[in-house]
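Below you will find the structure I want to go over with you.
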Amino acid sequence: MTCNTLYSDGTGISGHSPTPRRESIESLAKHIRLLVLDVDGVMTDGGLYYDANGLVMKRFHVLDGIGIRLAKTAGIEVAVLSGMDVPCVVRRLEVLGVTEYHGGADNKCTILDGMRKRMSLEWQEIAYLGDDWVDLAPMSRVGLPAAVANAMPDVKKLAKFVTQKEGGCGAVREFVDLLLTCQGKREALLEHWMRLE
């Protein structure tokens, strides 16, 4: 994946220089210090599974888990905002080492703004990956709003990057790979993993 051929409107260079209104994905991604993720439809396929006791279960993709770990290793903090708050999400994030989790988040913008101030971040240093209308408000504020392939049309329209993979099927990993590539960190991480014994 290359970054310098991608613009925020999804077009490539094709021998032409970008207009002033088109920012390259690389210029947006290289400043990202915080990646914010929605859960349902982004980290999962959006399906809700109920056991006999009425407890909610969700399916997570291992590629996304590795992507989150890679982001953290590369110095990109990861936060998760979800409208629901269920034990299986808490457990999954514990395994991944994600401590910035806000479940039952009715107003994601207020939470995100508080997080931003606490971390001393500018809005342009934040990326957000979403899929539905609940993600529109925070996406409209961050430097790099992104959507999964099967996101709602309004979300895709607002996004400056849309993954090829659907939510719950490696979309998070795809977006992390983009960030790492644009920040020049992917190859060093890959070489490190190739040397693991």
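The values are calculated or read from the model by the stated rules, or taken from the named source; none is laboratory data. All values reported here derive from a predicted model rather than from experimental measurement. Heads up, the Cβs are rebuilt from the backbone with ideal geometry, glycines too, and the neighbour counts pull from every protein chain shown. Accessible surface areas use protein heavy atoms only, side chains included; no ligands, DNA or RNA. Shrake-Rupley method; radii C 1.70, N 1.55, O 1.52, S 1.80 Å.
If I model a spin label as a point 7 Å beyond the Cα along the Cα-Cβ vector, how far apart are those points for Asp85 and Thr110 in nm?
1.3 nm
Can you tell which of Ala159, Ala71, Ala137 shows the greatest fluctuation in a Gaussian network model of the chain with Cα springs below 10 Å?
Ala137
Let me ask something additional. Full-extension gain between Arg141 and Arg69, please, as 0.36 nm times their residue separation minus the C-alpha to C-alpha distance.
23.4 nm
How far is it, in nm, from the label point at Lys157 to the one at His102 when both lie 7 Å from their Cα along the line to the Cβ?
Distance between label points: 2.6 nm.
Amide H neighbours of Val162 under 5 Å, counting only residues 5+ apart in sequence or on other chains, H built in-plane at 1.01 Å?
Close amide H contacts, sequence-distant or interchain: Ala147.
Here is a follow-up. For segment 29-144, what is the percent of antiparallel DSSP beta bridges, rounded to the nearest 5?
Of the beta bridges lying entirely in segment 29-144, close to 15 percent run antiparallel.
Give the percent of DSSP beta bridges with both residues in the chain that are antiparallel, rounded to the nearest 5.
In the chain, approximately 15 percent of DSSP beta bridges are antiparallel ones.
While we're looking at this one, here's another question. Express the accessible area of segment 31-194 per residue in Å², computed with a 1.4 Å probe while the remaining protein chains stay in the model.
46 Å²
Does segment 31-194 come out rounded, prolate or oblate by the C-alpha gyration tensor, with a ≥ b ≥ c the root eigenvalues, rounded set by a/c under 1.5 and, if not, prolate when a/b is larger than b/c and oblate if not?
Rounded, since a/c falls under 1.5.
A further question on this structure: Taking a 1.4 Å probe, which of Leu136, Leu70, Leu55 shows the most accessible area, and what order do the others take after it?
From most exposed to least exposed: Leu55, Leu136, Leu70.
Something else: Mind listing the long-range amide H neighbours of Tyr128? Cut-off is under 5 Å, sequence gap 5 or more, other chains count too, H placed in the peptide plane at 1.01 Å from N.
Val36, Leu144, Ala146
Which residues among segment 34-78 fall inside the zone where the amide N is under 15 Å from a point 7 Å beyond the Cα of Leu189, along Cα→Cβ?
From segment 34-78, the list is 34-37, 62-78.
Excluding same-chain residues fewer than 8 positions from Lys157, which aspartates and glutamates have a Cα within less than 20 Å of its Cα?
Cα-Cα hits under 20 Å: Asp9, Glu23, Glu26, Asp38, Asp40, Asp131, Asp132, Asp135, Glu166, Glu174.
Right, next: Taking the full set of protein chains and a 1.4 angstrom probe, give the accessible area of Ser140 in square angstrom, rounded to the nearest 10.
For Ser140, the solvent-accessible surface is approximately 70 Å².
Check cross-link reach from Lys160 to the lysines: straight Cα distance under 17 Å, and skip same-chain residues fewer than eight apart.
Lys30
Further, regarding this structure: Using a 1.4 Å probe over the heavy atoms of the protein chains, calculate the carbon and sulfur portion of the accessible area of the chain as a whole percent.
Carbon and sulfur atoms account for 52 percent of the accessible area of the chain.
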